[in-house]
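Notes for the one structure printed next.
We did not get these values from a lab; they are worked out from the coordinates using the rules stated. Treat the numbers as computed from the prediction; the structure is a model and nothing was measured. As a convention, Cβ positions derive from the backbone with ideal geometry for all residues, glycine included, and neighbour counts pool all protein chains shown.
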Amino acid sequence: MTDLIFLRRLAASCSLAALVAATPILALPSARADSLSPMPVALVLAPPADAQQPPSAVSDAKPSGPDLVDLAALYYYASEGSTDRVQAETLRLQAKYPGFVTPGDLYEPADRHVVDETPLWNLYKLNDFAGIEAEIERMSAQNPGWVPTEDFATKLARAKQRQAMTEAFERKDWDGLLLAAKDIDAKQEPEIDLLWMMVDAARGLQRTDDLARIYQGILYRDAANAFAPGERLTTLEKAVEDFPADEVRAALAALNLPAEMSEKVEALKRNLLRRDVAAFNASTERTDPLPAATVDPLRRTADVTDMKLLGWYTLKIGRPAEAETWFRRAMDRQREAESIKGLFLSLKQDKREPEARDLVTANLATLADDSDFMLDALSAGFTQPGEAAIAPAVVEAYSTAIQRAQSPEHAEILGWYAYNGHQFEAASAWFGKSWEWKQQASSLKGLALSAMQLKDKATLENLRRDFAGQFPEAFADLKSVVPPKGNKGSGVAAPVSGVDAGYVADFRAKRYGDCIMGLRKQEARGRLTAGAQLIKGWCHLELSHLAEARTAFGAALDAGGKTSQDAAYGMALTLMRTRLTDEAEALLARYPLSAARDKEIRSEIYWQRARSAFDSKQYQQVLNALNLRLQLVQEPMDMSRMRGWAHYHLGHRAEARAIFTRLNMLVSDNANRQALAIINGN
């Protein structure tokens, strides 16, 4: 439902645009090698061949152009024919606003300046676009042939564009944001926050060419259009996430930033050193130690992030004792999972396994969210004979991690541990889980042996009948098997219900990126279930990965079963986000939804069609779509206003008057009153 609300709010903000004219609405990166959407490192941040380097003396303070009050005297002197005064006023404005040029309409006849646009500018300051359009209608009716000045029309279109981009940015609708920004030239755009929004959108969509073009447009400009040094430096700080460190260093050297920014420049250089070390730590190919000039500056820090980076670095180059020191220092500052994992691996590499196991046992709760680590760290105690008794808390933590990871291998390990400890009921349950997640001979043999020890002949015969042909090795030597003779070991409980798979837990916690990563691991083990594909679709939809969401929901639909209706609903929401109303309607015909969901989707389909028709000035189609929607749900005020304006443009003044009269009785506001004034010819 949230997606539909966002769509309707976006459309409502500019729903009366066609009344005037059709105006187009246009920290350090992780060191993890498996990040969800890594950007390629082949991007080029260097300046294009024709770029001019802005001077370092460009000021951070950039005055805006003159407003109507500043220009009033200039127009007055021009209307009086006082050339000397016009020239003097022009020089004054140029001194105050570098780059100012006289308006093109300065000497046009006076009747071009008769209509007072003050009401429009007052509404403009409030971002009241509907009010502006209604006021333009009123002023046009009173002044035949009049149109808003080019200055106002341009600024109005700009304000609409900014609002569309901002709303798209807030809901991470990257496609919508770049569509709204389609006429922005990165080399000329004066408002850097819009360009930064475009950077985030291009990054989110992994449009690497667009990303490089936007960065170059910000950084490399002629002196007249250059951004302030602080803005360029902030842009480079953003670029650290998208480019190799050497690329950013080259760009930093090319920018010739002023000396007074040296402290901030040094901070950026330090971040680039961190990026170098993080990239080395994440690389599967690089093993030679980094130069001392890269690492030593980080050794002198008290920053926890640097301590962890240095811990992973020294561990990778084979210095576990030094790595232990860095991780312990980091833990003294902030006891978190990453530092504990690093210390665990340092102790293991230093051949101090008992200490490593004790460390994990003492921090089970902190480490619980990383099921893969828990499986690797805890499994040794369940596979090595002669080990000390395993604490009940460790058995429980291992069991939970197995279920969260849905690991057939570790379920089998726990099954054999229980079997060898004469806990045959628990062994059978864990072998069963392993078999459920992945059918293989070893877990089938565990099931058969457990059935033998439990004297469950019926289950054993059923297993033999159903699977001996496919897995003969699982039954080959059952008669010669000797019952286990070891100690009972620690108690093992059967798998419990209600333990979510890791990706499900991530989805519930709204960790959508982690959810997708977990699903990728599941997919590597075998085909995803329809339920897993459904969750994959929702995660991608939440991250605005619309193409991936559509693929995942499609896979869930193809699989059929009880997830079909939820998958169809997700697919419909995805289609609505991409404004594919015809496809969404066809989907509803193929996959019937619940009454509530069907009403929700259809009402949004009709609203989007009404909005599109209004922008195209197809006013009868507007009414047709709104009438269909009204049969399903109550009509809010913004849609009723659209209905009223559609009637007005079709010449149905009585209907339009009745609609706005009713609306004004409900909520007496300026937009309704102005509409009535226009309809009544006032």
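Observations on the structure shown:
- Kirkwood Rh and Cα Rg combined as Rg/Rh, the stretch 428-573: 1.11
- Largest-first principal axis extents of the Cα set of the chain (Å): 114, 67, 39
- Against the compact-protein benchmark of 2.2 N^0.38 Å, the Cα-based radius of gyration of the stretch 317-371 scales to 1.05.
- Taking only the alpha carbons of the stretch 501-576, we obtain Rg and Dmax values of 11.1, 33 Å in that order.
- Against the compact-protein benchmark of 2.2 N^0.38 Å, the Cα-based radius of gyration of the stretch 154-289 scales to 1.17.
- Inter-centroid distance (Cα atoms) of the stretch 119-167 relative to the stretch 505-552, Å: 44 Å
- 3J(HN,Hα) from dihedral phi, the stretch 201-211, Karplus parametrisation 6.51/-1.76/1.60, rounded to Hz, x for glycine, proline: 5, 5, 5, x, 8, 6, 8, 5, 5, 4, 4
- Packing rank of 554-560, 196-202, where each peptide gets the mean count of other beta carbons within 10 Å, highest leading: 196-202, 554-560
- Residue pairs, from the table K160/K238; K187/K238; K155/K264; K445/K488; K455/K488; K155/K238, whose Cα atoms sit over 23 Å apart: K160/K238; K155/K264; K155/K238
- Relative frequency of Cα-Cα separations exceeding 19 Å in the stretch 145-215, percent: 34 percent
- Paired Rg and Dmax values of the stretch 68-256, which use every Cα atom, in angstrom: 21.0, 63
- Extents of the stretch 300-416, largest first, come to 49, 26, 22 Å (Cα atoms, principal axes, whole angstrom).
- What the Cα convex hull of the stretch 257-367 gives, in volume per residue, is 114 Å³.
- Working from Cα pairs under 8 Å separated by at least six residues, relative contact order for the stretch 501-576 is 25 percent.
- Exposure proxy for R138, R404: other Cβ atoms within 10 Å of each Cβ, ordered fewest to most, give R138, R404.
- The chain - mean residue ellipticity at 222 nm from DSSP helices (-39,500 (n - 2.57) per run, n ≥ 4, rounded to 500): -20000 deg cm²/dmol
- Between the stretch 610-682 and the stretch 276-316, the C-alpha centres lie 64 angstrom from each other.
- Selection of GluC sites (Glu not before Pro), the stretch 185-250, meeting DSSP coil and at most 13 other Cβ within 10 Å: E191
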